[in-house]
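Reviewing the structure listed below.
Please treat every number below as a calculation from the coordinates, not as lab data. Note that the structure is predicted; figures quoted are calculated from it, not measured. We place every Cβ from the backbone using ideal geometry, glycine too, and count neighbours over all the protein chains shown.
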Amino acid sequence: MIKKCLFPAAGYGTRFLPATKAMPKEMLPIVNKPLIQYGVEEAMEAGMTNIGMVTGRGKRALEDHFDVSYELEHQISGTSKESYLADIRNIIDNCSFSYTRQTEMKGLGHAILTGENLIGREPFGVILADDLCVGENDSVLMQMANIYAKYRCSIVAIEEVPHEEVYKYGVIAGSELEDGVYVVSDMVEKPSPEDAPSNLAIIGRYILTPDLFDVIRDTPPGRNGEIQITDALQTQATKNMVLAYRFKGQRFDCGSVEGFVKATNYFYERWKEKEGA
Ligand code: UTP
């Protein structure tokens, strides 16, 4: 039902410098696949084959990755290495890609608003590729699309985090509507542990309704002087319903070195099984 997925990917990735000096953070590989490809595969699995990316300076490799590489494909055609490109080829054949640039880093809310011209007036998914998610059965975005089909409102994915780590996240308060689904009553961006309304932290998966673009336009800069999606969603929650969904599966915070290494170890085990190594 939801066809479009937006990937805000304009951030500098300073935590991975110098690796990210000339290369987008989203192109960092977990084993042999860049982070962004895991994200696009998740969107595709949820039926969102119309992919929009909000990029910035130095991010051209993202566009090249989702394009055909004739020379390379010609070179390895008919060899055992051809299979290495099967997954990306499948993505290119089944998805369409469009790009826009965020010229100033004014925050995630601003990045999403920059993507408005790629989305138009329809509900859409959002994936932050540095949060790498492995769904229990369905992918996390697919689980959220199923909830959207029932309630037709904006949904944020949440996870329980240790109380002392809430300052890294947007945190929600809400009442449980059904197992793992909360009606949001409050949302705070990066609260101190004393001020946090819970330890339910928002992670990088959203389904958003297009009226949120208008709300973001009217949202002043918040925490760190950035236009925060959390603030816009808090406004939307007071006008309409916003849901938070405790997804089934696990998430690796690949925007941090620790999470990146954990994801690498996890996917290396999977890779070994697949390769029979
Ligand atoms: P982060 O807070 O992880 O920032 O952004 P970052 O710049 O990517 O990484 P560090 O902290 O410098 O290491 C969360 C997500 O929001 C996007 C980023 O690309 C990332 O996917 N984002 C953030 C934008 O696209 N534009 C912004 O202005 C801010």
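What does the charge dipole of the chain about its Cα centre add up to, to the nearest 20 debye, if the Cβ of each Lys and Arg holds +1 and the Cβ of each Asp and Glu holds -1?
Working: 29 positive and 40 negative charges, 109 e Å.
For the chain, the charge dipole is close to 520 debye.
For the pair S192/N265, report the inter-label distance in nm, with labels modelled 7 Å from Cα in the Cβ direction.
Here the modelled spin labels are 3.4 nm apart.
Within the chain, what's the longest run with no trypsin sites (Lys or Arg not before Pro) in a DSSP loop and at most 11 other beta-carbon atoms within 10 Å? Give the range, please.
Values: sites that count: K21, R57, R121.
For trypsin sites (Lys or Arg not before Pro) (loop position, at most 11 other Cβ atoms within 10 Å), the longest site-free span of the chain is 122-277.
Cα centroid distance between region 124-193 and region 209-271, in Å?
7
Considering the options C5, Y99, T20, tell which one lies farthest towards the positive end of the dipole of region 1-108, charges being +1 on Lys and Arg and -1 on Asp and Glu at the Cβ, about the Cα centre.
Going by the charge dipole, the pick is T20.
Greater than 24 Å separation of Cα atoms is the criterion. Which listed pairs, K3/K106; K33/K150; K168/K248; K21/K81; K25/K106, meet it?
From the list (K3/K106; K33/K150; K168/K248; K21/K81; K25/K106), the Cα-Cα distance tops 24 Å for K3/K106; K33/K150; K21/K81.
Between V68 and V183, how many nm apart are label points set 7 Å from Cα along the C-beta direction?
A separation of 5.2 nm, rounded to one decimal place.
By how many nm would the segment from E45 to R152 lengthen if fully extended, with 0.36 nm per residue of separation less the alpha-carbon distance?
Values: separation 107, 0.36 × 107 = 38.52 nm, distance 1.97 nm.
Taking 0.36 nm per residue and subtracting the Cα distance, the gain is 36.5 nm.
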